[in-house]
Amino acid sequence: MAYFKYKGIPFSPEFSSEETLSYVENDFQLLDDDIVNITYPKSGTHWMAEVLSLIQSQGDPSWVQNVPLEERAPWIELDEDLKIALKNPPPRLLTTHLPFQLFPKSFLHSKAKVVYTLRNPRDAMVSRYHFIKGFKALKDPGTVEEFMERFLRGEIDYGSWFDHVKGWVEMKERANIFFITYEELRQDLRGSVQKICHFLGKELNSQQIDSVVENASFHKMKDNKMSNRSTMPENVFDHTKATLMRKGISGDWKNLLTVAQSERFDRVYWENMCGVNMTFPWE
Ligand code: PPS
């Protein structure tokens, strides 16, 4: 299925519409106690949604065990999830892959807190390359080479990784945005949870933090039907071809890209990222 473009950014018509995107950009009202989980796709969205859900429930796992992740932390740009977001009572958890320029304008006058999670774009690309194979409506990713070129040109839903990151990084001086990486979560989940709690102004005791860390682990999430997307209907997703909870590691790109492909990726990376006023663990 072909993408459609909204203000130059490609989206899948299966999940989003121009009407929803325009509503979200112009009319969606962020509330001061909203917490928004923002990522470029395959950067740890579900992981952060689980961490934030568990922080919200003060470490009690019953919410993540009984309510689907997309109901706890709906994606505002998706037609079906937006309806849930609008019905959920405050304080809301919201999720989005939107680039900054399409994010609700109401953000500029709001105290809503944003957690922006980044991941090495090579790993985000490889994760997506595998995951797309499961979606019946999405374009087949083709060869690794072909997919990488589309990724580097931003000809993929939600557009360019580089533009997404640069757009959000420009907001970094705002007190209500917190940046974290997938790599930091992998390296020190407990320390990361403590930092996120501090940013959100939520005081969890040591046992509650232990429970967040335990229940947001890769293995717990992989086994949790409410978080692992195994309930996506067969007509939408072929579960024999792909899975959300695939490997959950950093550096898997080294198993897929050739040396030449990796060098090409580096060149495009630095053409786009030199001058960006933030450093990342993969640089
Ligand atoms: S999506 O579809 O864009 O919302 O996907 P997203 O959730 O951003 O990314 C999916 C990748 O995140 C990995 N993941 C985790 N890694 C470590 N620990 C935990 N708890 C965890 N939860 C999800 C998931 O395995 C996907 O990465 P890959 O590299 O494909 O395994």
Quiz prompt | Pair list, Cβ under 9 Å, 6 or more apart: the stretch 246-263 residue farther than 30 Å from His219 by Cβ, other residue open to solvent by 70 Å² or more (accessible area, probe 1.4 Å) and more than 8 Å from the ligand (Cβ to nearest atom) | solution = Thr258/Glu145; Gln261/Glu145
Practice problem: Could you list, in sequence order, all residues of the stretch 45-54 that are more than 11 Å from the ligand (Cβ to nearest atom) and out of contact with any helix residue (DSSP H, G or I) (no Cβ under 6 Å at 6 or more places or on another chain)? | Solution: Leu52
Quiz item: Which numbered condition trips up Asp163, out of (1) open to solvent by less than 30 Å² (accessible area, probe 1.4 Å); (2) in contact with a Gly (Cβ under 9 Å, 6 or more places away or on another chain); (3) not in a loop (DSSP other than H, G, I, E, B)?
Solution: (1)
Quiz item: Looking at Gly134, Gly191, Gly142, which is the one that is touching a residue at least 60 places away in the same chain (Cβ under 8 Å) and open to solvent by less than 30 Å² (accessible area, probe 1.4 Å)?
Solution: Gly134
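Do we find a residue being near the ligand (Cβ under 10 Å from one of its atoms) and among the aliphatic types (A, V, I, L, M) anywhere in the stretch 92-113?
Step one: of the stretch 92-113, the residues near the ligand (Cβ under 10 Å from one of its atoms) are 95, 97.
Keeping just the survivors that are among the aliphatic types (A, V, I, L, M) gives none.
Scanning the stretch 92-113 turns up no residue that is near the ligand (Cβ under 10 Å from one of its atoms) and among the aliphatic types (A, V, I, L, M).
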Exercise. Scan (1) under 30 Å from Asp210 (Cβ atoms); (2) open to solvent by 40 Å² or more (accessible area, probe 1.4 Å); (3) out of contact with any Phe, Trp or Tyr (no Cβ under 9 Å at 6 or more places or on another chain) for the single condition Arg92 breaks and write down its number.
Key: (2)
Practice problem: Could you check the stretch 1-54 for strands (runs of 3 or more DSSP E) lying wholly inside it with 1 or more residues that are without any contact (Cβ under 8 Å) to a residue 24 or more places away in the chain and closer than 21 Å to Val165 by Cα? | Solution: 4-6
Exercise. Restrict the check to the stretch 90-112 and report whether at least one residue is among the hydroxyl-bearing types (Ser, Thr, Tyr) and touching a strand residue (DSSP E or B) at 6+ places or on another chain (Cβ under 7 Å).
Key: yes
Quiz item: Is there a residue in the stretch 57-76 that is surrounded by fewer than 23 Cβ atoms within 10 Å (Cβ to Cβ), more than 16 Å from the ligand (Cβ to nearest atom) and among the acidic types (Asp, Glu)?
Solution: yes
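Report yes if Arg119 is within 15 Å of the chain's Cα centre (by Cα), among the charged types (D, E, K, R), under 26 Å from Glu214 (Cα atoms) and buried (at least 18 other Cβ atoms within 10 Å of the Cβ), otherwise no. Spell out how you get there, then give the answer.
Numbers: within 15 Å of the chain's Cα centre (by Cα): yes; among the charged types (D, E, K, R): yes; under 26 Å from Glu214 (Cα atoms): yes; buried (at least 18 other Cβ atoms within 10 Å of the Cβ): yes.
So Arg119 fits the description; yes.
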Practice problem: Just give me the residues in the stretch 23-43 being open to solvent by 10 Å² or more (accessible area, probe 1.4 Å) and either more than 18 Å from Leu102 (Cα to Cα) or among the hydroxyl-bearing types (Ser, Thr, Tyr) (or both), in sequence order. | Solution: Tyr23, Asp32, Asp33, Lys42
Quiz item: Can you tell me which residues in the stretch 1-22 are hydroxyl-bearing (Ser, Thr, Tyr) and either away from the ligand (no atom under 16 Å from the Cβ) or open to solvent by 30 Å² or more (accessible area, probe 1.4 Å) (or both)?
Solution: Tyr3, Tyr6, Ser17, Thr20, Ser22
Exercise. Please specify each residue of the stretch 219-266 satisfying the condition of being under 26 Å from Arg153 (Cα atoms), more than 14 Å from the ligand (Cβ to nearest atom) and open to solvent by less than 60 Å² (accessible area, probe 1.4 Å).
Key: Gln261, Ser262, Phe265, Asp266
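The values are calculated or read from the model by the stated rules, or taken from the named source; none is laboratory data. Note that the structure is predicted; figures quoted are calculated from it, not measured. Glycine gets a Cβ as well: all are built from the backbone with ideal geometry, and neighbour counts include every protein chain shown. Heads up: the accessible areas ignore ligands, DNA and RNA and are worked out on the full protein's heavy atoms, side chains in. Shrake-Rupley method; radii C 1.70, N 1.55, O 1.52, S 1.80 Å.
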